[in-house]
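**Student:** Pasting a structure here, questions to come.
Every number here is computed from the coordinates shown, using simple stated rules; none is lab data. Remember, predicted model here, so these are calculated numbers, not experimental data. FYI the Cβ positions are ideal-geometry reconstructions off the backbone, even for glycines, and counts take in every protein chain you see.
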């Protein structure tokens, strides 16, 4: 509570700090506030307290009223009594270590001891979800997206490696006479292979760096739209560059070997 106390009767309410700016603004503890309800006439309440909580979701302000006086959803129990019914409950454990035990106790209570087990239909189920369960669900979704994106990345690597190989083969073909001159002046097969491998490594490295920059750009745009903080995955950037260089090496092996096998005499005749 930023000011005042929680309400103790149905004639009092608690506001968030954002809600104190409604109307003429400047609402304080002890002031009277009139609220309009959707299906009932307006009522006047006394502000007993103000909270300093942050807005939740799309709600910029909140007003808390007594549930006994303003919540009328009821259900007929198996014993014939009429009691208030709720679609969900939030249970707070004393500490993080007790969460699992509280979850088991809650499931046991709702299924075996409460009226909920008898009142629910066959297509309904009682679910108790902890914060860890919610995190696991989000993590599973992210893992599935990661596998999907990884598959697309794998296909892209194959296509990229084929592209580099084609470029290097064309380069070897166009430079056949140059290879013949190199061999004629004493260049060895190793020198020719090294020449074309360096070129393919450069192509792979440039592609990897451009891919990293584009990925970071789209990532920054995405988190900016969602409102999440930007985290630069340094480890994955290093891995991406390494994979790009590796793809360049593997894609350039055959063209480099092909260039090294060129007969210098035939190469010098090549136009």
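**Student:** Please determine, in degrees from 0 to 90 and to the nearest 10, the orientation of helix 99-108 with respect to the longest principal axis defined by the Cα atoms of the chain, where the helix direction is its Cα long axis.
**Tutor:** Tilt of helix 99-108: around 60 degrees.
**Student:** Mind telling me which of 83, 112, 11 comes out most flexible in a GNM of the chain, alpha-carbon contacts under 10 Å?
**Tutor:** The residue with the greatest mean-square fluctuation here is 11.
**Student:** Starting from the 7 Å offset along Cα-to-Cβ, what nm value, one decimal, do you get for the label separation of residue 230 and residue 209?
**Tutor:** Here the answer is 2.0 nm between the modelled labels.
**Student:** If you don't mind, another one. So what is the relative contact order of the range 3-72, in percent, for Cα pairs below 8 Å that sit 6 or more residues apart?
**Tutor:** Contact order relative to length: 45 percent.
**Student:** Which FRET efficiency, nearest 0.05, do residue 127 and residue 218 yield, Cβ-Cβ r, R0 22 Å?
**Tutor:** Given R0 = 22 Å and the Cβ-Cβ separation, E is 0.05.
**Student:** Another one. How far is helix 189-226 tilted, in degrees, relative to the longest principal axis of the Cα atoms in the chain, given as a value from 0 to 90 rounded to the nearest 10?
**Tutor:** Approximately 20 degrees, to the nearest ten.
**Student:** What angle, in degrees between 0 and 90 and rounded to the nearest 10, separates the Cα long axis of helix 131-174 from the longest principal axis of the Cα atoms of the chain?
**Tutor:** Taking Cα atoms only, the helix is inclined about 20 degrees.
**Student:** I would also like to ask the following. What distance in nm separates the two pseudo spin-label positions at residue 148 and residue 189, each 7 Å out from Cα along the beta-carbon direction?
**Tutor:** Result: 4.9 nm between the two label points.
**Student:** Need one word for the range 3-72: rounded, prolate or oblate. Basis is the Cα gyration tensor (sqrt eigenvalues a ≥ b ≥ c); a/c below 1.5 gives rounded, then a/b vs b/c decides.
**Tutor:** rounded
**Student:** Now for a separate question. Stretched out fully, how many nm does the piece from residue 98 to residue 82 gain, at 0.36 nm a residue minus the Cα gap?
**Tutor:** Length difference between fully extended and current span is 2.4 nm.
**Student:** Which value at 222 nm does the chain reach when only helices count, each DSSP H run of 4 or more adding -39,500 (n - 2.57), with the total divided by all residues and rounded to the nearest 500 deg cm²/dmol?
**Tutor:** -17500 deg cm²/dmol
**Student:** Could you pull out which residues in the range 5-44 have an amide N less than 13 Å from a spot 7 Å beyond the Cα of residue 66, following the Cα-Cβ vector?
**Tutor:** 7-14, 44
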